[in-house]
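What follows draws every value from the coordinates through simple rules; no lab data is involved. A quick note: this is a predicted structure, and the numbers were derived from the prediction, not measured. For neighbour counting, all protein chains shown are included, and Cβ atoms are generated from backbone atoms with ideal geometry for every residue, glycine included.
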Amino acid sequence: MLCRVFAAFFIVTYSLEGLSQREKQKLGYKLFGSEVGERRYIGLVEQGGGRRLGRGCFLVPKEKAEGVLNILAECGVKYEILEAYMPSKPPKLAGFTWLFPSGER
């Protein structure tokens with residue numbers, strides 16, 4: 001049996017209701033970054049090791065969440081937090097074997 005180490009994450013859901021389109025766009029750039037031409041600017045969520053899960057929802061490690069949550073609070077955004085535990089590193093596979101007999105791919 002593999003021994004796994006679990007890490008704490010926050011699943012953050014938020015609503016941009018009440019913000020102007022300009023404020024929504026600025027917040028989106030701060031949280032998730034932007035691409036201008038061939039340059040890519042990384043947002044706070046990715047810098048902290050998190051990722052966007054969908055519209056109005058992202059995952060961020062608990063120890064890196066404070067900065068992101070402060071930005072949401074400063075902008076007057078309503079948000080909810082759900083704490084979740086996930087394996088910090090996926091288990092390494094010893095080897096990979098195709099399920100097909102040799103030559104049948």
**OP:** Rounding to the nearest 20 debye, state how big the charge dipole of region 6-87 is about its Cα centre with +1 on each Lys and Arg Cβ and -1 on each Asp and Glu Cβ.
**Re:** 240
Subject >> Total formal charge among the other residues, if their Cβ is under 10 angstrom from that of Val77, Lys/Arg +1 and Asp/Glu -1 >> reply: -1
